[in-house]
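What follows is a single structure, written as structure tokens, with notes after it.
No value in this document is a laboratory result; all are computed from the given coordinates. Because the structure is a prediction, the values reported are computed rather than measured. Using ideal geometry, Cβ is built from the backbone for each residue, glycine included, and neighbour counts are taken over all protein chains shown.
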Amino acid sequence: MPALPISQLPAAAALDGTELLPAVQNGATVRTTAADLRAGLAEAAHRHAPADVTGLPAALAATRALGRRTLWVPATALTAPTTGGAAAGTVESAASGAVLPALDFDPDAEETAHALLALPRAWDGGALAVQPLWTAGSGAGEVLWSVGGAMLGDGDGLDTPGGVAVTVSDTLTAPDTLHAAGESAPLTPSGTPAPGGLLRLTVARAAADPADTLDADARLLGLRLFYRVDAASDD
């Protein structure tokens, strides 16, 4: 019988383990069975049959679809109003020459700034959370940040009132160093999340609150915004 390439051999039916196969063992050509080959490749503790992993791809896809995500909102993404707004500025490092944008919030009056964000369509519409990152050039004490939000859908007024704000406090430990405040309590924006809508965030320093004792400008570098998704993509 002439030798045929593998591609020209007839297709096999489902293997039952008794089929003979050639193999090279210790430099010699030997015969083995499909069952012995499979047993030799499996780990000693492996006891799973194909039925044990039925549905595994779907389960893994569902796991990937869920989870927490982070959106960085830098100071440059916030806009301060002309009245009662934080002052745009920069923090410059004398050693490295790095210049970092910041928003300066006064210690004696409540000042605000606003950001307009488009969250991914995969956002589950649930509560958010924020983490302010900030610094100060001098002073001592504690700063109290306040963050609120409003969902704006198609046809909603841009001045829609925001929901109940959450507050986050943090203590200045040393001037001109990065301060990562703790994560806020759940933040629930007003309005109803809708495809194509926007999230308006309002950031303020609660300077009139007795808990705010920092006697210098609090310089906001940005916010981490936390949200959850319930889909693997925005499709």
Open item on the list: For a quick check: with amide H placed at 1.01 Å from N, whose amide H comes under 5 Å from ALA102's, ignoring anything fewer than 5 positions away on the same chain?
Closed with: GLY89, THR90, VAL91
Task: Estimated distance in nm for a label pair at ASP159 and THR90, the labels positioned 7 Å out from Cα along Cα-to-Cβ - done: 3.5
Open item on the list: Using Cα-Cα distances under 8 Å and only pairs 6 or more residues apart, what relative contact order does region 155-204 have, in percent?
Closed with: 38
Open item on the list: Check which residues have an amide H placed less than 5 Å from ASP215's amide H, if you skip close sequence neighbours.
Closed with: ALA140
Task: Shape category assigned to region 106-235 from the gyration tensor of Cα positions, a/c cut at 1.5 - done: prolate
Open item on the list: I need the semi-axes of the equivalent ellipsoid of region 179-232: take the C-alpha gyration tensor, multiply each eigenvalue by 5, square-root it, list largest first in whole angstrom.
Closed with: 29, 14, 11
- [ ] List every residue whose amide H lies under 5 Å from the amide H of THR33, counting only residues 5 or more places away in sequence or on a different chain, with H placed 1.01 Å from N in the peptide plane.
- [x] LEU21
TODO: For the chain, build the charge dipole from Cβ charges (+1 Lys, Arg; -1 Asp, Glu) around the Cα centre, then report which of PRO81, ALA206, ALA231 sits farthest towards its positive end.
DONE: ALA231
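For the chain, give the magnitude of the charge dipole about the Cα centre (Cβ charges: +1 Lys/Arg, -1 Asp/Glu; no others), in debye to the nearest 20.
Details: 12 positive and 26 negative charges, 246 e Å.
Rounded to the nearest 20 debye, it is 1180 debye.
To the nearest µm²/s, what D does Stokes-Einstein give for the chain at 37 °C and 0.692 mPa s, using the Kirkwood radius over alpha carbon pairs as Rh?
This corresponds to a translational diffusion coefficient of 145 µm²/s.
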Open item on the list: Can you work out the Karplus-derived ³J(HN,Hα) for every residue in region 124-129? Use 6.51 cos²θ - 1.76 cosθ + 1.60 with θ = phi - 60°, whole Hz, and x for glycine or proline.
Closed with: 7, x, x, 5, 9, 8
Task: LEU9/ASP230 FRET efficiency (R0 45 Å; Cβ-Cβ; nearest 0.05) - done: 0.35
Task: Contact order normalised by residue count of the chain, Cα under 8 Å, 6+ apart, percent - done: 27
